[in-house]
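Notes for the one structure printed next.
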Amino acid sequence: MEEFFEQGDYEKQLGMTPDGLFDREKCKVPGSQCWFYDNMGKPLFEALATHIPETQTLLDVMRGNKDNWKAMC
């Protein structure tokens, strides 16, 4: 998130309006982490686990992490 926020800070310095995900004053980190899991992490790790079953543990850990982030929403 810090990298995204630094990008948003830079865009503000240039007089631009950063996307909400990049704006440290507007971004709701727990919600953005849940979005990332649902739309990026989960599909990627499900595909990986399908082809390399040993990576199922990674998917399980991600699910637990999402539950923790969701509890913060």
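The values are calculated or read from the model by the stated rules, or taken from the named source; none is laboratory data. None of these values were measured; they are calculated from a predicted model. Accessible surface is based on the protein model in full, side chains and every heavy atom, while ligands, DNA and RNA are left aside. Shrake-Rupley method; radii C 1.70, N 1.55, O 1.52, S 1.80 Å.
The table below lists the values:
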| item | result |
| --- | --- |
| Rg/Rh ratio calculated on Cα atoms of the chain (Kirkwood radius) | 1.12 |
| Nearest-10 value in Å² for the accessible area of Lys70, using the 1.4 Å probe | 120 |
| Carbon + sulfur, % of accessible area of the chain - ligands and nucleic acids excluded, 1.4 Å | 57 |
| Expected 222 nm ellipticity per residue - DSSP helices of 4 or more, -39500 (n - 2.57), all of the chain, to 500 | -20000 deg cm²/dmol |
